[in-house]
Amino acid sequence: MKAGEEKNYRCPETGSELTLEIDCQDQDNVLAGWLTSACGRSYAINNGIADLTFPPVLHPTEQKSREFYNQRAEIYDKFLHLTFETFWEDETVTRNKMIDTLEIEPHHRVLEVSCGSGRDSALLAQRLDATGKLYLQDISLPMLEKCVERMDGVNVPIDYSLSNGSYLPFPDGYFDAVYHFGGLGEFGDIKRALKEFARVTKIGGRVLVGDESMPPWLRGTRFAQILTATNPQFNAPLPLQEMPVEAREVRLRWVIGGVFYLIDFVVGDGEPTGNFNYEIPGPRGGTHMTRVDGQLEGVKPETKTLALEAMQKSGKSMHAWLDDVVKAAALRDLGK
Ligand SMILES: C[S@@+](CC[C@H](N)C(=O)[O-])C[C@H]1O[C@@H](n2cnc3c(N)ncnc32)[C@H](O)[C@@H]1O
């Protein structure tokens with residue numbers, strides 16, 4: 001981590017700014033030190049990498065995942081190419097097509113969540129120039145170290161952090177694009193993670209996530225039987241229920257033999273909104289808003305307040321008061 005970089009990170013627990021204390025540095029590279037949050041929590045920097053993992057005791061699924069990839073790091077790259085060869089695909093071509101979705105421009109600030117040994121990171125870096133910046137994070141230090149090795153000599157600003165994808169140590173709206181491939185099924189809280197991906201992306205920025213999940217029409221086929229015998233993760237559900245409300249222009253595709261889903265979306269500001277205030281024609285009347293906020297069918301909120309006052313003064317229940325008022329008004333208007 002470079003001195004000054006601490007201003008771009010946040011405490012993953014509270015979101016507060018971090019102050020840097022340097023124990024050892026080589027020029028402007030901080031090799032060892034501490035990042036301390038306003039809430040008093042401290043995060044160590046060792047060998048130039050900040051450990052911003054939160055919570056201190058990980059969700060059991062994340063702890064299991066960390067331990068698995070800590071063990072796996074040494075041989076991960078030896079076998080990973082088989083994922084693509086199984087479907088006669090060229091890994092670089094396929095990964096580049098996935099990255100195309102993010103429409104990265106050379107000056108963009110890009111986050112890769114779960115960079116692993118950096119197989120996508122190297123391709124993401126090719127989309128940037130010296131004005132852009134690539135942030136790489138993973139929950140497994142040995143995987144991240146493999147990534148650091150792979151990225152040696154890459155001439156684009158890069159910063160690495162050991163952290164939990166479900167508690168990202170970055171400010172709101174910080175990135176133009178967030179990329180994640182291959183780890184989501186091993187996260188403890190997928191809904192929280194996707195919300196975090198949207199939180200750290202600026203409004204109008206893009207998020208892409210992908211992982212194993214066989215489409216429904218292939219489940220139960222011979223093709224599925226063969227693949228799931230080796231990798232049961234193809235049976236994982238699609239994380240559609242877990243998508244954040246900020247997701248707009250959502251697209252869903254399957255890639256790599258059609259058994260890995262890719263979901264990409266543009267980040268919006270909170271829930272979607274609409275043109276809810278025009279008068280709706282027809283006997284029911286009102287607007288979309290008065291039908292919800294009026295609570296009395298189709299009335300404005302201020303009318304509802306008056307009605308409540310009148311009902312209380314009358315000593316009747318709302319049902320009785322409404323029935324009397326509406327009946328009297330209808331009889332009057334009909335001249336009966
Ligand atoms: C199958 S590897 C994919 C690595 C890389 N994206 C690729 O495509 O080769 C899954 C990665 O997810 C990481 N991971 C698992 N749970 C995580 C979490 N909660 N936060 C961040 N990374 C996590 C693992 O450490 C591992 O590096």
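The values are calculated or read from the model by the stated rules, or taken from the named source; none is laboratory data. Computed from a predicted model, the values in this text were never measured in an experiment. Glycine gets a Cβ as well: all are built from the backbone with ideal geometry, and neighbour counts include every protein chain shown.
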Would you point out the residue of segment 194-226, among those that are touching a residue at least 40 places away in the same chain (Cβ under 8 Å) and over 20 Å from the mean Cα position of the chain (by Cα), that is surrounded by the most Cβ atoms within 10 Å (Cβ to Cβ)? 214
Only residues that are under 27 Å from residue 56 (Cβ atoms) and among the hydrophobic types (A, V, I, L, M, F, W, C): list them for segment 112-157, please. 113, 115, 136, 139, 141, 143, 144, 147, 148
Which of the residues spanning segment 92-122 are β-branched (Val, Ile, Thr) and over 17 Å from the mean Cα position of the chain (by Cα)? 92, 93, 94, 104
Pairs under 6 Å by beta carbon, first residue in the same structural domain as residue 204 (by TED's automatic domain parsing) in segment 99-123, partner near the ligand (Cβ under 8 Å from one of its atoms) and in a loop (DSSP other than H, G, I, E, B), six or more apart or different chains? 113/165; 114/165; 114/183; 121/115
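Considering only segment 82-111, state which residues are touching an Asp or Glu at 6+ places or on another chain (Cβ under 6 Å) and either closer than 18 Å to residue 150 by Cα or within 12 Å of the ligand (Cβ to nearest atom) (or both).
84, 95
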Which one of these is within 30 Å of residue 3 (Cα to Cα) and either out of contact with any His (no Cβ under 8 Å at 6 or more places or on another chain) or within 16 Å of the ligand (Cβ to nearest atom) (or both): 197, 223, 187, 234? 197
